[in-house]
Amino acid sequence: MDYSFLSALILLLLVLDPLGGLPIYISVMRAVAPERRTRVALRETAIAFGMLLGFMLAGQAFLRLMHLSERSLEVAGGTILLIIAMRMIFGSGDQVYETDAQREPFVFPLAVPLLAGPSAMATVLLLASRQPEGLWHWVGALSLAMALSGLVLLAAERIRRALGDSLVTAIEKLMGLVLTAVAVEMILAGLKRYFFDPA
């Protein structure tokens, strides 16, 4: 399964799921002083971007170090995405990440795992290893996707008020359905390469 800049951007936005994370963002940011919320949101977004960029740039070296094939990565990444998609459709993330209401979030849970979670790491690793010739396209897509996610994080409370809880939930479930199809396609592509293109 080959990607273009646009399809990679859409995939990353589906995986990062900024709208689906709105309830968690709002809950976590309540513990932060209002005058520091912008700084915290930018810091956590930058940390997540740095981690994902590192995974993307070091993808090939990581695969060689761990003796992993692109086929196994496609199947594993697709499986992780499928689990995330199921959670988006059937579950709620409100109680998934417990935080200390007295402490300002640092790395956990905003940067990791909400933004730079296992599914996002697997996705950027897959993009870089599957089509290394388009690396700078993937860096650009990741940068734009993270910028949009950061904007959602900054405006989380305002977005929730504007859209309403029911519409935010509906959008999350719709994104989950699309991500399910993407995940199945990744798994099938990996299996196809394993059985019919073993070289």
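Bear in mind these aren't lab numbers, they're just calculated from the coordinates by the rules spelled out. All of these numbers come straight from a predicted model, not from anything done at the bench. So basically every Cβ, Gly included, is an ideal-geometry build from the backbone, and we count neighbours across all protein chains shown.
Okay, here's what the table says:
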{"read-out": "Folded to 0 to 90 degrees: helix 5-16 orientation relative to the chain principal axis, Cα", "value": "50 degrees"}
{"read-out": "The stretch 1-80-the stretch 124-194 distance, computed between alpha-carbon centres (Å)", "value": "8 Å"}
{"read-out": "Normalised convex hull volume, the chain, alpha-carbon set, Å³ per residue", "value": "110 Å³"}
{"read-out": "Label-to-label distance, nm, for residues given as LEU167 and SER143 (7 Å Cα→Cβ offset)", "value": "3.2 nm"}
{"read-out": "Kirkwood hydrodynamic radius over Cα pairs of the stretch 126-174, then Stokes diffusion coefficient at 20 °C and 1.002 mPa s, in µm²/s", "value": "167 µm²/s"}
{"read-out": "Relative contact order (%) - criterion: Cα under 8 Å, at least six apart; region: the chain", "value": "47 percent"}
{"read-out": "Sorted by Cβ density within 10 Å, fewest first, the residues HIS67, HIS137", "value": "HIS67, HIS137"}
